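What follows is a short report on a single structure.
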Amino acid sequence: MLFSLSLKNIRKSIKDYSIYFFTLLLGVCIFYVFNAIGDQTAMMELSGTKSRIVNTMNTALSGMSVVVSLILGFLIVYASRFLIRRRKKELGIYLTLGMRRSAVIRILLTETILIGLLSLGAGLLIGIGLSQFMSLFVANMFEADMSRFVFTISLAAVGKTICYFVIIYLVVIVMNIVVVARSRLIRLLVAERVQEKVHLKNPAVSFFLFLAACGMLAFAYYNVTANQEAMETQGDVMLQLILGIAGTFLIFWSVSGFVLAIVKKIPGIYNRRLNSFVLGEVSARINTSAAAGSIICLLLFATICILSAAFTLKADRESRMENQVPVDVCMWRSVPEGTEYDTDESVRAVLEEKGFDMEALDVRGEFVIYKRAEATKGAVMGSFMERLLERDPTFQAMAENPVEIIRAGDYNRAAGIYGFEPVKLGPDQYAVSCDYPSMQEFFNQGLMENDTVEICGRTLKAAYPECVEGYIQMSYSESNMGLLVVPDDLPLTEQDVFQSCLISDYTPEYDNRDFYSWMDDGGFEEQINAGLTDTEYGSGQDQGAVQISTRSRIYDDSVGSSAMAVFIALYLGFVFIVSGAAILALKEMSDAIDSREKYRILRQLGAGEKEVNRALVIQMGIFFGFPLLLAAVHSIFGIQVSYTMLGIYASVDSLPPLIIAAVLIGILYGGYFAVSYLCCRRVIGE
């Protein structure tokens, strides 16, 4: 009988469960789709570099799933509390009619389990379907071969999803049982009449706090974008975060206290149609949900920044590849410090000694790079470095670090190979080549204040007022931290040699998949370095080893790492949107229940159903729109900070990533708005 009663209750209250069911379904679906990526990628043909990145991504997603489960667990518990509140009067009536508490608990337990099973099953089915489309998306992001693709169900992801869902649901069941077991009958019967207290606020005080909040946010915006000196330490960063969070909360807390008072002074707006009722309801709701609104705003802000930054990072990395990998392979080998360089220690000599077939390489250029003890970064930057040290002594290590040196002839030959501008030097001139953005700024400041440097007993004057862009060692991003280009006749010695470099393409007869795989997946590097890194020169990345960068490895690493960032961003973004939107929807549903009597009175006073529904749409639109609007304002500045943190300095069109973020937020956030509106309209119509 109790089971039959539970089924009837579910059918009767299915509309009340719609938001709850929608949230559970989305949570299960998202959890499965992202945990199934590992099995989906197993069906793809990936290079060794991409395969390693996919494994790293799967590990990261698995670790994040624990955090995601905690977020979803909190959300499900929050939603369950709403449903319990909605059902308290009904449960109280059961007790009044003589039903034992244990029977009531069994009814509630049965309903909870049935809803959980339905949402779990539906979520898994939808997730399995969507995961097939996710495979296509993964293949596109990693530029993978999909010839082996088949319809796949990840049993591991199914098991993990069920396991986490059961754990979360057990917590929900226990909490529901405790609520019913400890509730007094009178509180259950009058639960619908208990409403949140609305504390009236002084409009003048609220307006003052609103201005203070705007000032705090403006100060934080300025510091994180235009005033980089205020962002030098972790304490400085934390201060801006605290200001942003506090300012957001005060915006929500204060706006309800003075907006209504201001609008009342505008009769043309306040007295028009049901605007007075709408503004009163909005003011009261924001008044009682400042903390929730702030959290939702920050979740949306994080989502916009994460999604836009991840997609922009991918576009940025792809746009750099044409300039960053102009040749097939670049190799370099460090020379033991304090020893005299011998051509037997060059990269070419090591390759020939190891029996490598040099006919596989079309060598484009060979160079040596020097270092001199007196030619430090501090010496090049001069008085600017002195000021840096006074402000932050941690720059001492950089100041004492010798800058790499290359002869102008060698640099210009590399420029011809790589495709960047050569330098033109007089007999007593030098240039600084650098493409790493932060070091560029330092060197440019130094060149403005100190344009001479002394090397090998000669005083050289800067030929250019700022750094020239270029590099010798090929990498997937700007990594030239500073290279001093000096005249060819400067008396540098063999003892000054720091590195031997070789730049090459592959010859056509070796331009095949097997050769690329051998070069890129470590076989070549392992063979060449066998016996080299265990000498007195050191081991691993130390002197003696031949370091290798290949076009395909850099390209695959760039594509793979940016794709990994996109998937992690999507995972977090979906969860943040669902969490924020679900909290808002449940809050709106709860407020609609409390305001049901107000809408009944409106109808009795002559308000038509169309006007009542219009009033509901406006106030829900404001309630959903205000956190999103403030999050968008935060994002204008937050996106700039995220770009800087990720090293996105190139000119990349950020509009497409913002459109993608807007579409995702519009679908999920707008979906919750539509569902909650339909539910609230039904509630106020009862």
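Quick one: is S62 at pLDDT below 70 and within 25 Å of G159 (Cβ to Cβ)? No, not satisfied. Determine whether L678 is at pLDDT 80 or above and surrounded by 19 or more Cβ atoms within 10 Å (Cβ to Cβ). When the stated conditions are applied, L678 does not pass them.
A single entry from A585, A615, A674 fulfils the requirement of being farther than 21 Å from G27 by Cβ and part of a helix (DSSP H, G or I): A615. Pairing residues of segment 287-307 that are under 15 Å from I71 (Cα atoms) with residues that are part of a helix (DSSP H, G or I) and of a type in the set (G, A, S), at Cβ distances under 7 Å and at least 6 apart in sequence or on separate chains, gives I296/G580; L299/S579; L299/G580; L300/G580; L300/A631; T303/G573.
Checked against the criteria, E318 counts as within 34 Å of the chain's Cα centre (by Cα), part of a helix (DSSP H, G or I), surrounded by fewer than 19 Cβ atoms within 10 Å (Cβ to Cβ) and of a type in the set (D, E).
Only one of the listed residues (G522, G544) is under 20 Å from W332 (Cα atoms), modelled with pLDDT under 80 and surrounded by fewer than 20 Cβ atoms within 10 Å (Cβ to Cβ). That residue is G522. Residues that are within 22 Å of G293 (Cα to Cα), open to solvent by 40 Å² or more (accessible area, probe 1.4 Å) and in contact (Cβ under 8 Å) with a residue 12 or more places away in the chain were ranked within segment 596-632; the one that is nearest to the chain's Cα centre (by Cα) is A632.
Could we say that I93 is at pLDDT 75 or above, in a helix (DSSP H, G or I), open to solvent by 60 Å² or more (accessible area, probe 1.4 Å) and of a type outside the set (D, E, K, R) here? Steps first, please.
Values: at pLDDT 75 or above: no; in a helix (DSSP H, G or I): yes; open to solvent by 60 Å² or more (accessible area, probe 1.4 Å): yes; of a type outside the set (D, E, K, R): yes.
In short, no.
Highlighted here are the strands (runs of 3 or more DSSP E) found entirely within segment 341-442 that include at least 2 residues which are touching a residue at least 12 places away in the same chain (Cβ under 8 Å) and open to solvent by 30 Å² or more (accessible area, probe 1.4 Å): 361-370, 404-407. The set of residues from segment 560-588 being open to solvent by less than 10 Å² (accessible area, probe 1.4 Å), within 21 Å of F21 (Cα to Cα) and in contact with a Phe, Trp or Tyr (Cβ under 7 Å, 6 or more places away or on another chain) comprises Y571, I577, A581, A582, L584, A585, L586, E588. The set of residues in segment 653-665 that are open to solvent by 40 Å² or more (accessible area, probe 1.4 Å) and assigned to a helix (DSSP H, G or I) comprises L655, P656, L658, I659, I660, A662, V663. Scanning segment 221-256 for residues that are at pLDDT below 85 and touching a Leu at 6+ places or on another chain (Cβ under 6 Å) yields a count of 1. For I105, the criteria (1) among the hydrophobic types (A, V, I, L, M, F, W, C); (2) at pLDDT 70 or above; (3) open to solvent by less than 10 Å² (accessible area, probe 1.4 Å) hold in every case but one, which is (3). Of Q499, Q445, all but one fail to be open to solvent by 40 Å² or more (accessible area, probe 1.4 Å), in contact (Cβ under 8 Å) with a residue 60 or more places away in the chain and not aromatic (F, W, Y); the exception is Q445.
The values are calculated or read from the model by the stated rules, or taken from the named source; none is laboratory data. As the structure is a computational prediction, the values presented were derived from the model and not from experiment. Neighbour counts are summed over all protein chains in view; Cβ atoms, including those assigned to glycine, are modelled from backbone coordinates with ideal geometry. We work out accessible area using only protein heavy atoms, side chains counted, and drop any ligands, DNA or RNA first. Shrake-Rupley method; radii C 1.70, N 1.55, O 1.52, S 1.80 Å.
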